[in-house]
Amino acid sequence: MEQFLQNYPNVPAQKRRSRWWVPVVIIGVVVLFFFVVFLAIVSSIGSLFQKEPVLVRNNSVLVINLNIPVNEYTGESLGSILSTEETFTFYDLLSAIKNASIDNKIKGIYLRCSNSLLGWAKRVEFVEALRKFKESGKFVYAYLELGNESDYYLALPADKIFLAREGALEMNGFGLSALFLKGLFDKIGIEYYVQQFEDFKSAGETFSRSKFSDSARLAYKDLLQQRLQIFLDGVEKYRGFKRENIIQIFKRGVYSPDSLLALGIVDSLLNDNQVKEFIRSVVLGKKVKIDSTKDKVNFVNVVDYINSQEYSSLGNVDKENAIAVVYASGPIVQRTQKSPFSMDLEITPDNFIKNLKKAREDKKVKAIIIRIDSPGGSVIASDEIWNEIVKTKAIKPVYASMSDVAASGGYYIAMACDTIIAHPATITGSIGVISMIPNFSGLINKLGVTIDTISTNPSAQDLNLFIPFSKRQKDKLTEVIKPIYDRFIEKVAKSRKKSFEEIHKVAKGRIWTGEKALEKGLVDVLGGLNDAINIASKRIGVVNPTIKRYPRPMDEFEVLLKILSKQKDEANVINNISAKNIINLFPIELRMQILQYLCLYQTTQTEHILAILPYLILIR
């Protein structure tokens, strides 16, 4: 070739063709391969969480199991994924009952309500939903293994109440208890300095006292009395008992199945399988053998029912007009990263405001319901949420629907809404603030540790946690906290169109039932979640609007991916699981109080001024 070019110098040399595209194609194929493999892996993992579509057949019975937590929405927690029980929300529960009443394939409800975990506002609304369900002519049968008056109350609308032959049901009255940690702190040399505005604002008493204060005792006695009246009203209405007879039973303290049967508290002593056989006989209209496999009665749980093909076809929903339900469930916290001991459900300004903005910007959403189930928490976070709700109600109607608890910070965010709807059994109010600051000077003295300081100014060591607080320091703290309390009252007064003095009389940190809160002018109307939806529907002039929930319900796979994306490393995931497992070893009552105290303690590490409910109230 070279010789040829030498002989013909005028002939241009051929350019060598570039093959740049070859490595590009190879890289593209490799990337595509790994992308396809990744999608296949994700798809296969996702398929583990996918449920086969449920077909509700004729002669079906809706099974409602209430011994699992029924929250306002299912939290993004590892516990919810690892749990062997399928969880559902309170809205799901109410919707399932309502739909089942018009579903010809559902013949009735089988209610299992042992060791139920519903709060009292949800409990009363659930009983009302069962009453309305029975108006359709369908049956409700209830079964208890172990329980107390709170569980028995859920079963009251049932046509028959069955108790396990070897079960037990406490009928001995209502009570509550709280753990006080002062004695423990005294032993190890830790002192909690607590300032409360005012005397009823007793959250810090858990750390600074050894028993209830007189103010706290008065408020909780009123609460217990209301719960007792609700129970007595229910037993009288559904079972025909005279109130004085129930009081006598409480005084005796009745627990044994035979005694409960003889008194007419329950209708029969049967085990779970026997109850199911009884239900089969009712549905099929004939006697069914215990080992019968030919007669088919389908028992469908709530989760399967709401995911069934038939469920979505019931009712005539207006798809162009929607009401948004934005959830505010759990303590109100400023941090965005959960610790292993945090509650599964928490309210942070970032997440809440993000969901509220979605509802506000959705053109199909004509009204918004803030569904509050919160004891309060951070004042700073509560105020940030308050501001966003005020901004939103200038654009769309905003209603507050109070669930079991909407107190302190929970009430703070409610008062920003156009209308406040509280259930009669809601715990609300608690308008006040507290400051909680631990002091470790006694602890380091016990350990033989000393502290020395160097300062540029006289106040530089104020609130040093290793030096005893002086009176001057405590007085200075009061100067900081009282204006926050006063601004809280001023905002309530403006919201409720009352004077500062009028609100101050019903504030002082005192909790009120929804019933009393209406009398005191703190709420506008009484009702549950369904009532709030009906009120908002009338406001926008729509009979059956679409209900959009924020955050939207997610399946287990979506929750898992979201949790893992938030974890910095695998150790955080493992620690989260193990910490929860340790706490779960305790009885439910103790477990909930421990989590409450740990959450409260953790919050005080970053914020010393809180608007939070005095105690975790678990009435048994």
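The values are calculated or read from the model by the stated rules, or taken from the named source; none is laboratory data. All figures in this text were calculated on a predicted structure; none of them were measured in a lab. A quick note on method: Cβ atoms are made from the backbone with ideal geometry, for glycine too, and the neighbour counts reach across all protein chains shown.
Annotations for the structure displayed:
- Among residues of the range 340-362, those that are modelled with pLDDT under 90 and either over 18 Å from ILE380 (Cβ atoms) or outside the structural domain of ALA322 (by TED's automatic domain parsing) (or both), counted: 5
- Criterion violated by ALA155 - all others in (1) closer than 30 Å to GLY509 by Cα; (2) of a type in the set (Gly, Ala, Ser); (3) within 24 Å of the chain's Cα centre (by Cα) satisfied: (1)
Every residue, every condition in (1) crowded, with 17+ Cβ neighbours inside 10 Å; (2) at pLDDT below 95; (3) under 25 Å from the mean Cα position of the chain (by Cα), yes or no:
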{"position": "VAL54", "(1), (2), (3)": "yes, yes, no"}
{"position": "ASN58", "(1), (2), (3)": "no, yes, no"}
{"position": "LEU66", "(1), (2), (3)": "yes, yes, yes"}
{"position": "VAL70", "(1), (2), (3)": "yes, yes, yes"}
{"position": "GLY79", "(1), (2), (3)": "no, yes, yes"}
{"position": "ASN104", "(1), (2), (3)": "no, yes, no"}
{"position": "GLY119", "(1), (2), (3)": "yes, yes, yes"}
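- Verdict on LEU176 being farther than 26 Å from VAL283 by Cα and out of contact with any strand residue (DSSP E or B) (no Cβ under 9 Å at 6 or more places or on another chain): yes
- If the condition is being over 16 Å from VAL433 (Cβ atoms), under 14 Å from the mean Cα position of the chain (by Cα) and among the polar types (S, T, N, Q), then the range 362-411 contributes SER401, SER403.
- Filtering LEU522, LEU518 for residues that are modelled with pLDDT of 95 or more, surrounded by 17 or more Cβ atoms within 10 Å (Cβ to Cβ) and assigned to a helix (DSSP H, G or I) leaves a single hit, LEU518.
- Helices (runs of 4 or more DSSP H) lying entirely in the range 152-257 (those with 2 or more residues that are in contact with a Ser or Thr (Cβ under 8 Å, 6 or more places away or on another chain), over 27 Å from LYS132 (Cα atoms) and not assigned by TED's automatic domain parsing to the domain that holds LYS132): 182-188, 214-239
- Residue within the range 123-134 that is surrounded by fewer than 22 Cβ atoms within 10 Å (Cβ to Cβ) and outside any helix (DSSP H, G or I) present: no
- Residue within the range 109-116 that is farther than 22 Å from PRO69 by Cβ, touching a helix residue (DSSP H, G or I) at 6+ places or on another chain (Cβ under 9 Å), in the same structural domain as VAL70 (by TED's automatic domain parsing) and buried (at least 20 other Cβ atoms within 10 Å of the Cβ) present: no
- Remark: pairs (first residue in the range 464-488, exposed (fewer than 11 other Cβ atoms within 10 Å of the Cβ) and modelled with pLDDT of 90 or more; second residue among the small types (Gly, Ala, Ser) and assigned to a helix (DSSP H, G or I); Cβ separation under 8 Å; 6+ apart in sequence or on different chains) are absent.
Here's the yes/no breakdown for (1) touching a Lys or Arg at 6+ places or on another chain (Cβ under 7 Å); (2) small (Gly, Ala, Ser); (3) in contact (Cβ under 8 Å) with a residue 12 or more places away in the chain:
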position: LEU179; (1), (2), (3): no, no, yes
position: GLU198; (1), (2), (3): yes, no, yes
position: LYS211; (1), (2), (3): no, no, yes
position: TYR238; (1), (2), (3): no, no, yes
position: SER259; (1), (2), (3): no, yes, no
position: ILE265; (1), (2), (3): no, no, yes
